[in-house]
Amino acid sequence: MSDITQQRTLSTQIPGPRSAELQQRKLATVSDGVGTGLPVYVERAEGGILRDVDGNQLIDLASGIAVTTVGNRNPRVMEAVRRQVEDFTHTCFMVTPYEEYLQVCEALAELTPGDHAKKSALFNSGAEAVENAVKIARHATGRTAVVAFEHGYHGRTNLTMALTAKNMPYKDGFGPFAPEVYRAPMAYPYRWPTGPKQCADEAFEAFTSTVHAQVGEHNTAAVIIEPIQGEGGFIVPPEGWLRRVSEWCTEHGILLIADEVQSGFCRTGDWFACEHEGVVPDLMTTAKGIAGGMPLAAVTGRAELMDAVHGGGLGGTYGGNPVACAAALASIESMREDDLCARAKEIEAILTARLQTLADKTGVIGDIRGRGAMVAAELVSDLDLKTPAAELTAAVNKACHARGVVTLTCGTYGNVFRFLPPLTISDELLGEAMDVLDEAFAEALG
């Protein structure tokens, strides 16, 4: 039985004395390159609550960056992990395989879009999945160029840093980066120069002309896109744009890679965000929410593409670890049995209504966007000029933290508040978190 009640409790200031003590140990032994957004040290968590070492209970609107989608200490996940640990923890699938790996790949073949034959390969992280998707695309097509988009984020390895758009903190000083990566304009309705109504057509034309002029369609192995961009600011392209990109790729023999690392597994109200427009990618990368907090990632794609790579060309020591696979199967069961796609849409309705009220009251929210439980508010200091309000965003974030709500910011300009609550969070807890957000805005705005 758990002793964590699903309510916010503040026993000390945030962070408390014990967390402050642990933070000093972190500074002494952990690289400064590993940042901490909120130095509160968690000792236990369940559902939508994180309890720290000082006894404070914080409302979790981050889910470990979209990882604990089914909630911390999900009973199905805990039991599956317990059973698997009792059996064995590792053999390396490439040495002596096990059924759990197969079961995850079978589930991915069933769940991912499209009725074609599909195969998967399992890895540890989203960046690893993206890197392997590019390897597969290049090997299968015999082409080398990969096109990514402005504001995109795909990871922190050398190749994925090349794909990622934002310099700080992800790329600065780490180059040179992997070659044959090109960047096209993103369909960003709120900031499209001629306005959101023109965005779909003009952004598509800008994309195709960029590839034609700077890369050459015949040189392009793949186009990689987050159906809803994550770190870049939860940018949702206009309706129809992604489908046009997909059709254009097919026309030119270019593979479409959907990076669903942050948006996948019920987060947006569909199993995968690209399903919203019926887009069927050639390759898809998943991670984060797939395994209830355990490290697991996958590349899933058309069988002929996945089989184009020679034996031994894909893999890794820990990829598809049996404990992580067991957790993934239990997470998927929870998503199905508890209808978390529907729950994501309920959360969307609550968040967007509260954010719209806040926007009307404060006059500093220029755009509210997202789908499901992947919702964001872009803060500006001038609604007409759309001037990014990064300092205000940071101040609101800090005020939320001090009141015991774990929040996240993102965006190329550092001015986007993003909401990624576990899909198991209660309406009451979510409402309380939004009450705190109201208070934080009031404090930051003076």
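Please go through the range 108-150 and pick out each residue that is crowded, with 19+ Cβ neighbours inside 10 Å and in a strand (DSSP E or B). Hits for the range 108-150 are Lys118, Ser120, Ala121, Leu122, Phe123, Ala145, Val146, Val147, Ala148, Phe149.
When you scan the range 259-281, do you find a residue that is over 19 Å from the mean Cα position of the chain (by Cα), crowded, with 23+ Cβ neighbours inside 10 Å and within 18 Å of Pro113 (Cα to Cα), even just one? Scanning the range 259-281, I find no residue that is over 19 Å from the mean Cα position of the chain (by Cα), crowded, with 23+ Cβ neighbours inside 10 Å and within 18 Å of Pro113 (Cα to Cα), so the answer is no. Here is the figure for the range 233-282: residues that are more than 16 Å from Ala187 (Cα to Cα), of a type in the set (A, V, I, L, M, F, W, C) and assigned to a loop (DSSP other than H, G, I, E, B) total 8.
Going by the structure shown, is Glu333 among the charged types (D, E, K, R), farther than 30 Å from Pro196 by Cβ and either in a helix (DSSP H, G or I) or without any contact (Cβ under 8 Å) to a residue 40 or more places away in the chain (or both)?
On the way: among the charged types (D, E, K, R): yes; farther than 30 Å from Pro196 by Cβ: yes; either in a helix (DSSP H, G or I) or without any contact (Cβ under 8 Å) to a residue 40 or more places away in the chain (or both): yes.
Answer is yes for this residue.
Restricting Val323, Val299 to residues that are outside any helix (DSSP H, G or I), aliphatic (A, V, I, L, M) and over 23 Å from Pro421 (Cα atoms) narrows the list to Val299.
Determine whether the range 86-107 contains at least one residue that is assigned to a loop (DSSP other than H, G, I, E, B), assigned by TED's automatic domain parsing to the domain that holds Asp270 and of a type in the set (D, E, K, R). Walk me through it before giving the result.
Keep residues of the range 86-107 that are assigned to a loop (DSSP other than H, G, I, E, B), which gives 88-98.
Restricting the remaining residues to those that are assigned by TED's automatic domain parsing to the domain that holds Asp270 gives 88-98.
Then keep just the ones that are of a type in the set (D, E, K, R); that gives none.
Looking through the range 86-107, none of the residues is assigned to a loop (DSSP other than H, G, I, E, B), assigned by TED's automatic domain parsing to the domain that holds Asp270 and of a type in the set (D, E, K, R).
Could you check Arg73 against (1) closer than 21 Å to Asp339 by Cβ; (2) touching a residue at least 12 places away in the same chain (Cβ under 8 Å); (3) out of contact with any Gly (no Cβ under 8 Å at 6 or more places or on another chain) and say which number it fails? So Arg73 meets the others, but not (3). Applying the selection to the range 171-206, what residues are surrounded by 15 or more Cβ atoms within 10 Å (Cβ to Cβ), in contact with a helix residue (DSSP H, G or I) (Cβ under 8 Å, 6 or more places away or on another chain) and touching a residue at least 40 places away in the same chain (Cβ under 8 Å)? Matches in the range 171-206: Met186, Ala187, Tyr188, Pro189, Tyr190, Cys199, Ala200, Phe204. Search the range 357-402 for residues being of a type in the set (Ser, Thr, Tyr) and touching a Ser or Thr at 6+ places or on another chain (Cβ under 6 Å), and hand back the single one that is surrounded by the most Cβ atoms within 10 Å (Cβ to Cβ). Only one residue fits best here, namely Thr393.
Can you say whether Glu231 is surrounded by fewer than 20 Cβ atoms within 10 Å (Cβ to Cβ) and at negative phi, as far as the supplied structure shows? Let's see the steps before the verdict.
Numbers: surrounded by fewer than 20 Cβ atoms within 10 Å (Cβ to Cβ): no; at negative phi: yes.
Here the answer is no, as Glu231 does not meet what is asked.
From the list Thr250, Thr317, Thr286, exactly one residue is under 18 Å from the mean Cα position of the chain (by Cα) and of a type outside the set (A, V, I, L, M). Which is it? I'd like the intermediate steps shown before the answer.
On the way: Thr250 fails: under 18 Å from the mean Cα position of the chain (by Cα); Thr317 fails: under 18 Å from the mean Cα position of the chain (by Cα).
After applying the criteria, what remains is Thr286.
Has the range 56-67 got any residue that is at negative phi, part of a loop (DSSP other than H, G, I, E, B) and out of contact with any Ser or Thr (no Cβ under 9 Å at 6 or more places or on another chain)? Yes, the range 56-67 contains at least one residue that is at negative phi, part of a loop (DSSP other than H, G, I, E, B) and out of contact with any Ser or Thr (no Cβ under 9 Å at 6 or more places or on another chain).
Taking the criterion of being assigned by TED's automatic domain parsing to the domain that holds Ala127, within 27 Å of Ser120 (Cα to Cα) and not in a helix (DSSP H, G or I), would at least one residue in the range 188-211 satisfy it? Checked against the condition, which is being assigned by TED's automatic domain parsing to the domain that holds Ala127, within 27 Å of Ser120 (Cα to Cα) and not in a helix (DSSP H, G or I), the range 188-211 yields no hits at all. Within the range 307-352, the set of residues being touching a strand residue (DSSP E or B) at 6+ places or on another chain (Cβ under 7 Å) and surrounded by 22 or more Cβ atoms within 10 Å (Cβ to Cβ) comprises Gly319, Gly320, Leu351.
The values are calculated or read from the model by the stated rules, or taken from the named source; none is laboratory data. As the structure is a computational prediction, the values presented were derived from the model and not from experiment. Cβ sites come from the backbone with ideal geometry, for glycine too, and all protein chains shown count toward neighbours.
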